[in-house]
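> Quick one: the structure is below, questions incoming.
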Amino acid sequence: MLNSIASAGRRVLPNQWDLIAFAAIMAVLTAVAQSYHGISAPLPTANEPVVSLDYSNLPYYALRTALRMFAALAASLVFTFTYATLAAKSRRAEMVLIPVLDILQSVPILGFLSFTVTFFLGLFPGNTLGAELAAIFAIFTSQAWNMAFSLYQSLRTVPRDLDEVARGFRLTGWQKFWQLEAPFSMPGLIWNTMMSMSGGWFFVVASEAITVGDTTITLPGVGSYIAKANDEGNWSAIGAAVLTMAIVILLYDQLLFRPIVAWADKFKVELSESEVVGSSWVLNLLQRTYWVRLGARPVFEALRAISLLPIRFPRALQARSSEEEQHPSRIADALWILAILAVAAWATWLTVSYIATEANWDEVLHVLVLTIYTLIRVLLLILLATIIWVPISVWIGLRPRWAEAIQPIAQFLAAFPVNLLFGATVSLVLAFNLNTNIWLSFLIIFGTQWYIVFNTIGGAAAFPNDLREAATNFRVHGWQWWTQVMIPGVAPYYLTGAITASGGSWNASIVAEYVKWKDHTVTAQGVGSYIAEATDKGDFPKIVLGVAMMSIFVTLLNRLFWRQLYAYAERRLRL
Amino acid sequence: MLDTAVTTLLNVDKVSQVFTTGSGENRKPVLDNVSMSLKAGEIVALLGRSGCGKSTLLRIISGLIHPTEGTIAISGEEVTGPAKDVAMVFQSFALFPWLDVLDNVEIGPRANGVPLDETRQRALKAIDTIGLDGFESAYPKELSGGMRQRVGFARALVMQPKILLMDEPFSALDVLTAETLRTDLLDLWQEGRMPIKSILMVTHNIEEAVLMSDRILVLSSNPGRIASEISVTIPHPRDRLDPDFRALVDRIYALMTQRPDPTKHPAPATSLGLAMSLPLVSTNSLAGMLEEIAAPPYNGKADLPHLADSLALEIDDLFPLGETLQLLKLAEFEEGDIKLTPLGQRFVDMDIDQRKKVLGEQLLANIPLASHIKRVLDERPSHRAPATRFREELEDYMSEDYADRTLRAIINLGRYGELFAYDENAQTFSYENPQ
């Protein structure tokens, strides 16, 4: 009796983990409350300085930048859950939503920044909220498509037997979604979110300081801090901002994503115990607390009860039953496709006629040539990065110790928004009077080459040991070792990286081909600088033309080149 | 009338199932005019080979699939959606990996609005009955296959179904675990400790069907029909070595290896023999099986149950091998035995080149698809032909899956017999081999 009371008493006392967790949670709440005041402030007038280069402001700016990321993440999740679910559950919706998503993935987001800024400013005239939303929207567009695709694919590949259990137990649509579909999609979705997030930093800093025609938007944040530092050519401020950014990304990774990835491990369906279990000190900390767990339990119980509410989805959204799949109404389908085609035709006409207000065929031809320049730039640089990095990455990947140390660094470098450094880099181009058409090109691959690096390292590390031993045993070496052993082995991984790098490079070209440093503007010929210049001038039809042309090129490049390569690698080379 | 409604739990009436392809054309039916019933207090086994539609029938009965034709009634009530009085146990266990054992067992009652207290009580009782005490907070990943399937049973029992449906529940388990689970289940059934009235199980394991059930329905393949019904009257507990048990097993082997009676379901006259679907088997296994039959103790003629045992093969592996040998006239089935033909006897003593030659000849002589491909290659000046051509021809007579499997089987056999070469990248048949 006494014993049980004593042990009960001991268990109620918070342990050291509780204290740490509590402090952390309070800190987050305080931070959110602090920055909320800033978000809804009235828009500053043009000559009122929003950002000062004082170092002591940096933590606050970092917080604002990080919160923008967080808001975009939340919006992306909401979008993902509605859009992907609709696409996965309704065959007719799928016919429209999936191709649309596919195109959206290829649209250079930065090119559209000018439109969204104008749109959101119009929604909240005279308030910073509009500009905030525009920035958040830019990040959103860099994440949401990827995440929606991941969820859609997961929803379409729910294991059949688990689906049958859910239907056999007569779970309603709502119950089935939360008991089966959402958990099943979790690992893929989280991994994709983390990857999109690393792309997002690039956009958040790009969207904090933007000029559209006469309107200049400056939001307090690390991005605008750097923009100002670039204007003034202040090297030490740039250094401080880079350091701040590095810390923010590190914290995001350690405090948010590592714990979630480690936790999501339990949603993996393969029933064998996987060898590599992600671990996170934050998750361990939370799981060892007593009070936090005690406090969280009712929350989890309530969530579970809500997830089990017998809510039925409308008939159209009920999982496509096999008969519906078998006997689709052909007439309704035809009408539906006709309607889609009509809307698409109308939208095309609208776009073309808008572009035609300013541009003629000569202009179109000019943009076509510019896009080809950028295409050559992107492909050459990926080739260059491949030649340099693949051997190095393979070398690293085959040495587990090195790989373990270097892979996270490469992953971090891929997340780091290198556009922060563009201005500074350009000062070198100016100082040495270099050819901008050549030297600015390197900026395109600056941030994206790391995708190639860490994917290739991953591929080389996963290369089966017995194959390596066989190659050594048969004295395969030199050129033959590369072409018949290693390159086919890492190809699927390398291609994953190269495809991401290619997509990112197109986006980067908009910032990289048109860079400002102090009062100089340096440009390289290409569709990126064309879009950036038109944005500066507020010339909307030209922006649309540039973005449309770039989108077409990106889509074609993806379809005709990358996907074919990838499909081949998956079919023939996946080990 | 009232009487039958009480004792007949399940009534399957003239059920047919046709799966349509994307293009909407009807394909060969999976199930053809199947009728059966299930009475309270009996265990019935649906026995058949893979692809005979037995699992489809189980899913139709559970209401997961709507039959193309025919009706299902449980306790006299027609089934139109997922049925209330049935619960299913899956071959793959189908546990939610993110839920622990207790949550997995509770999911059914909770989703169906059973109050929390009662859910917990029923779940703990089911867990206790099935022997999972102490594992309530374990996750499926931490459990062995046998324990996982026990969770599968507990999850079904907690729904208190009238009929327990089992889809090859023991076939993913190792031999020892499977046997333990079978006996445990039979004990619970005999003692009436499970809240169920009847069990319908699907299996491809002949001995399992004889060991457990009161009645065996043997399904024939392609399309699935009920070929015969066998009552098992051997008293429990049944002994696998009991002569009656062995005799029944032998009889079922003989039944299942009988050639289909061509007068009953004649093949279309214009098919050129292409309607023959081929199983995918390895040429090494074919040779291995011939050698096994030729060697002592069989000396050219083997009892199928013994052969299955000594080769550790399930009927889904054994029968396709035997049938391919029969097609190639190297061996033949005879009343539950398999016997080498004189050619088969000679084959065993040949070296590899001779074997390849014989196999090539037998393919051309006995498998119309092989001679068809060779003829087409001969006729064409380029001596090349795309695989799609033959695939489409096959699809006139069989479903896409079967056509694909048949094509892969003929590629495999044809390569071994050196009849033709096949380029997977270009998907073309040719005579060219690398020089």
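The values are calculated or read from the model by the stated rules, or taken from the named source; none is laboratory data. Nothing here was measured: the structure is a model prediction, and the numbers come from that model. We place every Cβ from the backbone using ideal geometry, glycine too, and count neighbours over all the protein chains shown.
> Tell me which helices (runs of 4 or more DSSP H) are completely within region A:153-241 and hold 2 or more residues being at pLDDT below 90 and among the hydroxyl-bearing types (Ser, Thr, Tyr), or say none if there are none.
A:182-208, A:222-232
> Among the residues of region A:181-195, how many are among the aromatic types (Phe, Trp, Tyr) and either more than 14 Å from chain B (Cβ to nearest Cβ) or on the phi > 0 side of the Ramachandran plot (or both)?
Taking region A:181-195 and keeping what is among the aromatic types (Phe, Trp, Tyr), we get A:184, A:191.
Checking which are either more than 14 Å from chain B (Cβ to nearest Cβ) or on the phi > 0 side of the Ramachandran plot (or both) leaves us with A:191.
Final tally of qualifying residues: 1.
> Can you name every residue in region B:172-231 that is over 25 Å from residue B:74 (Cα atoms) and among the β-branched types (Val, Ile, Thr)?
B:175, B:177, B:180, B:183, B:206, B:210 - these are the residues of region B:172-231 that are over 25 Å from residue B:74 (Cα atoms) and among the β-branched types (Val, Ile, Thr).
> So which strands (runs of 3 or more DSSP E) stay within region B:41-130 end to end and still have 2 or more residues that are away from chain A (no Cβ under 11 Å) and more than 18 Å from residue B:225 (Cβ to Cβ)?
It comes to B:69-74.
> Does region B:109-124 include one or more residues that are assigned by TED's automatic domain parsing to the domain that holds residue B:202, polar (S, T, N, Q) and within 29 Å of the chain's Cα centre (by Cα)?
No: zero hits.
> How about region B:56-92: which of its residues are buried (at least 20 other Cβ atoms within 10 Å of the Cβ) and either under 26 Å from residue B:320 (Cα atoms) or outside the structural domain of residue B:200 (by TED's automatic domain parsing) (or both)?
B:56, B:57, B:58, B:59, B:90
> For residues that are assigned to a helix (DSSP H, G or I), of a type in the set (A, V, I, L, M, F, W, C) and within 29 Å of the chain's Cα centre (by Cα), tally how many sit in region A:417-440. Explain how you work it out, then say what you get.
Filtering region A:417-440 down to residues assigned to a helix (DSSP H, G or I) leaves A:419-431, A:436-439.
Among the residues that remain, those that are also of a type in the set (A, V, I, L, M, F, W, C) are: A:420-422, A:424, A:426, A:428-431, A:438-439.
From what is left, the residues that are within 29 Å of the chain's Cα centre (by Cα) are A:420-422, A:424, A:426, A:438-439.
Here the count works out to 7.
> For region A:464-541, which helices (runs of 4 or more DSSP H) that fit wholly inside it have 1 or more residues that are in contact with a strand residue (DSSP E or B) (Cβ under 9 Å, 6 or more places away or on another chain) and surrounded by fewer than 19 Cβ atoms within 10 Å (Cβ to Cβ)? Even if it seems obvious, please write down each step before you answer.
Working: elements: A:465-473, A:487-512, A:527-537.
The qualifying helices (runs of 4 or more DSSP H) are A:527-537.
> Moving on to the next point. Give the number of residues within region A:206-233 that are over 16 Å from residue A:521 (Cα atoms), buried (at least 18 other Cβ atoms within 10 Å of the Cβ) and of a type in the set (S, T, N, Q).
Adding up the residues that qualify gives 3.
> Taking region B:131-171, which residues are buried (at least 18 other Cβ atoms within 10 Å of the Cβ), within 13 Å of chain A (Cβ to nearest Cβ) and assigned to a loop (DSSP other than H, G, I, E, B)?
Of everything in region B:131-171, those that are buried (at least 18 other Cβ atoms within 10 Å of the Cβ), within 13 Å of chain A (Cβ to nearest Cβ) and assigned to a loop (DSSP other than H, G, I, E, B) turn out to be B:139, B:143, B:158, B:159, B:161, B:168, B:169.
> State yes or no: is residue A:564 in a helix (DSSP H, G or I), more than 27 Å from the chain's Cα centre (by Cα) and surrounded by fewer than 17 Cβ atoms within 10 Å (Cβ to Cβ)?
Here the answer is no, as residue A:564 does not meet what is asked.
> Here is a further query. With crowded, with 24+ Cβ neighbours inside 10 Å, in contact with a Phe, Trp or Tyr (Cβ under 7 Å, 6 or more places away or on another chain) and under 17 Å from residue A:551 (Cβ atoms) as the only criterion, which of A:134, A:144 stands out?
Details: A:134 fails: under 17 Å from residue A:551 (Cβ atoms).
On inspection, the qualifying residue turns out to be A:144.
> Cβ-Cβ distance below 8 Å, separation of 6 or more or different chains: which pairs start in region B:233-246 with a residue that is without any contact (Cβ under 8 Å) to a residue 12 or more places away in the chain and end on one that is among the β-branched types (Val, Ile, Thr)?
B:242/B:234; B:244/B:234
For (1) surrounded by fewer than 23 Cβ atoms within 10 Å (Cβ to Cβ); (2) without any contact (Cβ under 8 Å) to a residue 60 or more places away in the chain; (3) at the interface with chain B (Cβ under 9 Å from one of its Cβ atoms), each residue gets a yes or a no:
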residue: A:161; (1), (2), (3): yes, yes, yes
residue: A:165; (1), (2), (3): no, yes, yes
residue: A:179; (1), (2), (3): no, no, yes
residue: A:197; (1), (2), (3): no, no, no
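> Tell me the residue from A:395, A:361, A:349, A:402 that is aromatic (Phe, Trp, Tyr), under 25 Å from residue A:491 (Cβ atoms) and modelled with pLDDT under 90, please. Give the derivation first.
Values: A:395 fails: modelled with pLDDT under 90; A:361 fails: under 25 Å from residue A:491 (Cβ atoms); A:349 fails: under 25 Å from residue A:491 (Cβ atoms).
None of the other options fit; the residue is A:402.
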